[in-house]
Amino acid sequence: MQFLKILHFPIENCVTKKISKFIIIIMVNKNIWLHFEKLGRVIGFQQNRVKCKYCNYELCEIATRCEAHFKKCKDVPTHVLQSFLGFGINDNNDSNSSSSSSSSSLSSSTSSPLSSSSASTSLSLSSSMYLKNQSLNYFVDKISKKEQDELEILFAKSIYQCGLFLSLSELTPIKNLWAKARPSFKLPGRKKLSTTLLDNVYEETKQEVDKLIEEAEYYSLVSDGW
């Protein structure tokens, strides 16, 4: 029996997959279940089901599938995803020492060489692809629909309150600025700024003014004419 050591991590966070006579150890964040609601047995499915707490998507209660969905879910807030991806990479010294001892014990117990070169090559490729995907996840900027709407409202208010022109978002320097600051944010065009966003900001401002008028005890009217 041969073991392929991919990363140093606590053994309780692992899922093993058996391929022929080889065992691949895959790291799975055990905190993945904090982001899913367990539904148990559902009629029509053999395995237990879970539901994503952000988009309500249902899938089998399998850690690897849930983690894959969580990383691709567009409704997951950015800070939640970044916090999840940062788990288990910068472990403390105790975790590193314990994982090193565990991995060394596995290596010492299975010291015989791999019998198949093709199997060794496939295992090496799969491990390198896994590490590459894990590294790339830290550089992915994701934005949920709620964050997109909030940023659009703030961008629209800055244009209205400062008296800027509606085609500001179409200028190349503004595009480059936002592409550097928040690549996943899509700037609203002049059409959206002059219709949907303008109506939303107007209704929001009107509600604030109406509330101030209702709470006021006295009114003062000023007029000017020619």
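Data table
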read-out: Residue check, Q46 modelled with pLDDT under 85, open to solvent by 80 Å² or more (accessible area, probe 1.4 Å) and not in a loop (DSSP other than H, G, I, E, B); value: no
read-out: Candidate set from the range 205-221 (those that are open to solvent by 100 Å² or more (accessible area, probe 1.4 Å) and acidic (D, E)); member that is farthest from Y160 (Cα to Cα); value: E217
read-out: Pairs where the first residue, in the range 200-214, is hydrophobic (A, V, I, L, M, F, W, C) and the second is part of a helix (DSSP H, G or I), C-beta under 7 Å, 6+ apart; value: V201/I153; V201/A156; V201/K157; V201/Y160
read-out: Selection from the range 169-194 of residues that are in contact with a Leu (Cβ under 9 Å, 6 or more places away or on another chain) and over 21 Å from E147 (Cβ atoms); value: E170, R190, K191, S194
read-out: Failed criterion for K146 (all others in (1) basic (K, R); (2) assigned to a loop (DSSP other than H, G, I, E, B); (3) open to solvent by 60 Å² or more (accessible area, probe 1.4 Å) hold); value: (2)
read-out: Lone unmet requirement of (1) modelled with pLDDT under 85; (2) assigned to a loop (DSSP other than H, G, I, E, B); (3) open to solvent by 40 Å² or more (accessible area, probe 1.4 Å); (4) in contact with a Phe, Trp or Tyr (Cβ under 7 Å, 6 or more places away or on another chain) for D75; value: (1)
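The values are calculated or read from the model by the stated rules, or taken from the named source; none is laboratory data. As the structure is a computational prediction, the values presented were derived from the model and not from experiment. Don't worry about glycine lacking a Cβ; one is built from the backbone with ideal geometry, like all the others, and counts go over all protein chains shown. Each accessible area value is taken on the protein alone, full model and side chains, heavy atoms only, with ligands, DNA and RNA left out. Shrake-Rupley method; radii C 1.70, N 1.55, O 1.52, S 1.80 Å.
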